[in-house]
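Take a look at the structure below.
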Amino acid sequence: MRIVVLAGGIGGARFLRGLKAAAPGDEITVIGNTGDDIHLFGLKVCPDLDTVMYTLGGGIHEEQGWGRAAETWSVKEELKAYGVGPDWFGLGDRDFATHIVRTQMLAAGYPLSAVTEALCARWQPGVRLIPMSDDRVETHVLIEDGEGRRAVHFQEYWVRLHAEVQAQAILPVGAEDAKPAPGVLEAIAEADVVLFPPSNPVVSIGTILAVPGVRQALAEADAPVVGLSPIVGGAPVRGMADKVLAAVGVESTAGAVARHYGPGLLDGWLVDTADAAAVPAVEEAGIACRAVPLMMTDVEATAAMARAALALAEEVRG
Ligand code: FO1
């Protein structure tokens, strides 16, 4: 079966590990969010692509969910010694090599999709990883704090400011001029199932949907689209989804996120057993809904979630 997954950061990567275990013989194509990308020290860093590549390739720092295992920080310390910032974003020595190779290939004229393919040749993630676009898209967050009203890069909002200040708007800068990367629309058109993992609905999956043509391709696809709620019991399992959902006027509940994606996009939606009360309202909204355990405590629990999503896809296939 051909499965397409729109994935963001840590939640998306961890879900994919369970999906691979649940569907070992299937062909999985991951459309990765690049709105988290940031340019630092003359290098292009692609956090969500790297998190998928490292997690599935066996290089991830497991507790952090980002960056490399067995990392060292000499380059970061030397940059700080030169007074060259920013020092709030943790780039390790091993991770720097990824960004150097990526930046070197981009400078040689390779598109991000080709660069990603080359990096994955080393890591062998066991999925096809395609960036949502080869064009530059960077998510910025509009905030107002002691330093006044301004837009900050998503990474600064999340990593330096810890999403403590209220996000007033989420701005996927460049999205309106971006084109889906080669293979993105074809993968969606040829998919047997499309899955929205428990990634951030605004800055991860939302940013992928902001690339012109993607939402329409999903709406027109024959494949059922099934999502898994990143919100359990009214709060995100990890990260700052509640803050960015508020910025787009969506309540942090499993049901509200389903309605936010809408029946034009979603055919099925999984909520955690803690949110079973939300099932009728989601079904009312025209989206098939089931309550199953959604905590990705280990690969087997995640595989069970993936199997439940694939089963719901078969139910709604019609
Ligand atoms: N997340 C943090 O909370 N702190 C960091 O210092 C940090 C560094 C970092 C470096 C490379 C990378 O690929 C990801 C990194 N992340 C860090 C995660 C990053 O903020 C992700 O974009 C989010 O976790 C959402 O996907």
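The values are calculated or read from the model by the stated rules, or taken from the named source; none is laboratory data. Bear in mind that the values here come from a model prediction, so they are computed numbers and not experimental data. Counting neighbours? That spans all protein chains shown, and the Cβs are built from the backbone with ideal geometry, glycine included.
Values as computed for the structure displayed
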quantity: Matching residues in region 130-175 - criterion: being free of Cβ contacts under 8 Å to residues at least 24 places away in the same chain and aliphatic (A, V, I, L, M); calculated: ALA151, VAL152, LEU161, VAL165
quantity: Filter result for ASP36 (surrounded by 20 or more Cβ atoms within 10 Å (Cβ to Cβ) and closer than 16 Å to GLY92 by Cα); calculated: no
quantity: Residue among ILE130, ILE143 that is within 19 Å of ASP242 (Cβ to Cβ), modelled with pLDDT of 95 or more, more than 16 Å from the ligand (Cβ to nearest atom) and part of a strand (DSSP E or B); calculated: ILE143
quantity: Among the residues listed as ALA285, ALA274, the single one being touching a helix residue (DSSP H, G or I) at 6+ places or on another chain (Cβ under 8 Å), farther than 30 Å from HIS153 by Cβ and surrounded by fewer than 18 Cβ atoms within 10 Å (Cβ to Cβ); calculated: ALA285
quantity: Residue in region 10-22 that is more than 9 Å from the ligand (Cβ to nearest atom) and either polar (S, T, N, Q) or on the phi > 0 side of the Ramachandran plot (or both) present; calculated: no
quantity: Hits in region 265-301 - residues which are assigned to a loop (DSSP other than H, G, I, E, B) and more than 23 Å from the chain's Cα centre (by Cα); calculated: ALA285, GLY286
quantity: Per-region count, region 150-196, residues in a loop (DSSP other than H, G, I, E, B) and farther than 21 Å from GLN216 by Cβ; calculated: 8
quantity: Counted residues, region 55-72 - those being part of a helix (DSSP H, G or I) and within 13 Å of the ligand (Cβ to nearest atom); calculated: 1
quantity: Single condition ARG122 does not satisfy, out of (1) assigned by TED's automatic domain parsing to the domain that holds PRO236; (2) part of a loop (DSSP other than H, G, I, E, B); calculated: (2)
quantity: Every pair of residues 6+ apart whose Cβ atoms lie under 6 Å, when the first sits in region 63-82 and is assigned by TED's automatic domain parsing to the domain that holds ARG94 and without any contact (Cβ under 8 Å) to a residue 24 or more places away in the chain while the second is among the small types (Gly, Ala, Ser) and surrounded by 10 or more Cβ atoms within 10 Å (Cβ to Cβ); calculated: TRP73/GLY92
quantity: Whichever residue in region 34-54 is of a type in the set (Val, Ile, Thr) and within 21 Å of ALA69 (Cβ to Cβ) and, among such residues, is farthest from the ligand (Cβ to nearest atom); calculated: VAL52
quantity: Tally of residues being within 12 Å of the ligand (Cβ to nearest atom) and of a type in the set (A, V, I, L, M, F, W, C) across region 193-210; calculated: 3
quantity: Any hit, region 73-87, residues being within 9 Å of the ligand (Cβ to nearest atom) and of a type in the set (A, V, I, L, M, F, W, C); calculated: no
quantity: Unmet criterion (only one of (1) outside the structural domain of CYS46 (by TED's automatic domain parsing); (2) at pLDDT 95 or above) for GLN166; calculated: (2)
quantity: Single unsatisfied condition, THR29 versus (1) away from the ligand (no atom under 13 Å from the Cβ); (2) part of a helix (DSSP H, G or I); calculated: (2)
quantity: Inter-residue pairs, beta-carbon under 7 Å, first free of Cβ contacts under 8 Å to residues at least 12 places away in the same chain and in region 188-215, second within 12 Å of the ligand (Cβ to nearest atom) and part of a loop (DSSP other than H, G, I, E, B), 6+ apart; calculated: none
quantity: Residue in region 41-49 that is among the small types (Gly, Ala, Ser) and on the phi > 0 side of the Ramachandran plot present; calculated: yes
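So that you can scan it fast, the table gives a plain yes or no per residue for (1) on the phi > 0 side of the Ramachandran plot; (2) more than 20 Å from the chain's Cα centre (by Cα):
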site	(1), (2)
LEU106	no, yes
HIS140	no, no
ILE143	no, yes
ALA163	yes, no
LEU171	no, no
